Amino acid sequence: MKLWGGRFSKSTHAMVDDFNSSIRFDERLYRQDIAGSIAHVTMLGEQAIIPIEDSKTIIVALGEILKEIEAGQVTFDIEAEDIHMNVEKLLIEKIGDVGKKLHTGRSRNDQVALDMRMYIKNEILEIDKMIGSLQSVLLKLCKENLDTIMPGYTHLQKAQPITFSHHLMAYFEMFKRDRSRLKDAYKRTNVLPLGSGALATTTYPLDREMVAKLLDFDSICLNSIDGVSDRDFCIELLSALSTLMMHLSRFSEEIILWCTNEFNFIELDDAYSTGSSIMPQKKNPDIPELVRGKTGRVYGSLFSLLTTMKSLPLAYNKDMQEDKEVTFDAIDTVKMCLPIFKDMLNTLKINKEKMYQGAGGGFTNATDAADYLVKKGVHFRNAHEIIGKLVLYCINTNKTLEELTLNEYRTISDVFSSDLYNEISLEACVNKRNVIGGPSQEMMIKVIEINEKYLTKQY
Ligand code: ARG
């Protein structure tokens, strides 16, 4: 007999039970569901909505049920539909009629919204920690590579020399924003929906503030219809996770490129690479490829839920049960990617020589040669043109700018003198960019210090 079976004259079709049931995937909410029920029933007792002894009996029994589930002693029942009714059923089996008082003044609609919010709050904190550890590895690599010169790119064409440290710090900043987005989402998740009832609250004198305090919620939702029909907090989480995955995916793409024979800037540790079943020489970057691939899956979750929600009339509709699998899957995916990505970074070998060589080709110091002329009084636009001509000359004669003789320079402009060569060395190109945010060692050390403080504050 279903907990809601009273008004039905025959039982549901087995196929309907299976179709309707969410226990396969919402069983993971058991901890939140039980904690929510304990808070609810505590309040019912305190408010004398049910006798205080009954509330105490229920609380003890719920504690036992929690232990039994944790010990793997419970098999959930598909016919009891979801985690909420499964727990209630276990309670009634355990203590009989008193257990039937638990659901007084509550609906599964506000119950499920509560469970999801509690679950997500916890997951946000865990994911935040994981991003923090990834940032620690990044910061360590940044400190070790202050003078590891590499080419910086725009359009994937060599642009100006930078350092590996400077490049990695770009990702550090992205992850800072990811964490701040998650923190922001947390604030709006931290609102208690319980007490909304099915949609219009209840006739019992609930003390919602008490429940909020017991469950560590910042505030209570002020409209019961919104309380049960809002899934913005899931969407915000999925959106923040999608952006995070986008960052990890861009990073992955670069790692994959850098591992190629053509770039050869880095080598992944054997423990974080895979081989080919046919080609004996292969060492493949499967980890970053999978992270890049799984990004699509997290975006999929976001779009799935946005689409589910887009034309739902108020208030609760069963469509909303679809929030769970996608939200859980995105959380699981992100939590799988972050630690492995961190370890992969922590163990990669950096080919400093190859990076340096790469920075040397492609006239990455051309801007600096133009800036040299500007310092000597040439207008920038004219300087740009002069160096452009020299680059063309270099291309035709297969030389680099630093290989040209002073005479060759002076055939184009007599402003050049021998102090030019110091100004266009790769080290000079990097360290003259001594503007905050730039690649010079001095500025990188400053930024690293700021970010070191940031990391201690975030934990
Ligand atoms: N399993 C449901 C869900 O995840 C719980 C809420 C069900 N409410 C209802 N009125 N059928 O959304």
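Kindly give Rg over Rh for the range 308-459, based on alpha-carbon atoms, with the Kirkwood expression for the hydrodynamic radius. Display every interim value, and only then the final one.
Values: Rg = 26.2 Å, Rh = 20.6 Å.
My calculation puts Rg/Rh at 1.27.
Relative contact order of the chain, please, whole-number percent, based on alpha carbon pairs below 8 angstrom and at least 6 residues apart. The value is 16 percent. Each peptide in 72-79, 201-208 receives the mean, over its residues, of other Cβ atoms within 10 Å, and ordering these scores from highest gives 201-208, 72-79. For the range 12-138, the alpha-carbon radius of gyration amounts to 1.22 times the rule-of-thumb value 2.2 N^0.38 Å expected for a compact globular protein. A crude spin-label estimate for the pair SER9 and ASN434, with each label 7 Å from Cα along the Cβ direction, gives 9.1 nm. Length, then width, then depth: along the principal axes, the Cα atoms of the range 299-378 run 72, 38, 17 Å. The string of couplings for the range 152-163 from the Karplus curve (6.51, -1.76, 1.60, θ = phi - 60°) is x, 10, 10, 6, 6, 10, 4, 10, 9, x, 9, 10 Hz, one whole number per residue in order, with x for Gly and Pro.
Out of the range 223-327, which GluC sites (Glu not before Pro) are coil in DSSP terms and have no more than 10 other C-beta atoms within 10 Å? Display every interim value, and only then the final one.
On the way: sites: GLU236, GLU253, GLU254, GLU262, GLU267, GLU289, GLU322, GLU325; in loops: GLU262.
Here the sparse-neighbourhood loop sites are GLU262.
Distance distribution P(r), the chain, all Cα-Cα pairs, bin width 10 angstrom from 0: 4, 16, 21, 18, 14, 11, 8, 5, 3, 1, 0 percent.
With a threshold of 31 Å on the Cα-Cα distance, the over-threshold entries among LYS158/LYS376; LYS56/LYS457; LYS282/LYS324; LYS140/LYS376; LYS335/LYS453 are LYS56/LYS457; LYS282/LYS324; LYS140/LYS376.
Please sort by residue number the chymotrypsin sites (Phe, Trp or Tyr not before Pro) in the range 170-230 whose DSSP state is loop and whose Cβ has at most 12 other Cβ atoms within 10 Å.
Working: sites: TYR171, PHE172, PHE175, TYR186, PHE217; in loops: PHE217.
Passing sites in the range 170-230 do not exist.
In this simple spin-label approximation, MET336 and LEU314 carry label points 7 Å from Cα along the Cα→Cβ vector, and these lie 3.9 nm apart. Under a model in which nothing but the beta-carbon of Lys, Arg (+1) and Asp, Glu (-1) is charged, the chain shows a dipole of about 700 debye around its Cα centre. Using +1 at the Cβ of each Lys and Arg and -1 at the Cβ of each Asp and Glu in the range 320-383, identify which of HIS379, LEU345, PHE328 lies farthest towards the dipole's positive end. In the range 320-383, that residue is HIS379. In this structure the amide hydrogen of MET150, modeled in the peptide plane, comes within under 5 Å of the amide hydrogens of ILE162, THR163, PHE164, none closer than 5 places in sequence on its chain.
Rounded to the nearest angstrom and ordered from largest down, what semi-axes does the equivalent ellipsoid of the range 247-346 get from its C-alpha gyration tensor (root of 5λ)? Intermediate results must be reported in sequence, preceding the final value.
Numbers: eigenvalues 276, 29, 27 Å².
For the range 247-346, the semi-axes come out at 37, 12, 12 Å.
Relative to the dominant Cα principal axis of the chain, helix 286-309 is inclined by about 50°. For ILE95, neighbours were defined as the other residues whose beta-carbon sits under 14 Å from its Cβ, and their charges (Lys and Arg +1, Asp and Glu -1) total -2.
Bear in mind these aren't lab numbers, they're just calculated from the coordinates by the rules spelled out. Everything numeric in this text was worked out from a predicted model, so none of it was measured. With ideal geometry, Cβ positions are generated from the backbone for all residues, glycine too; neighbour counts draw on all protein chains shown.
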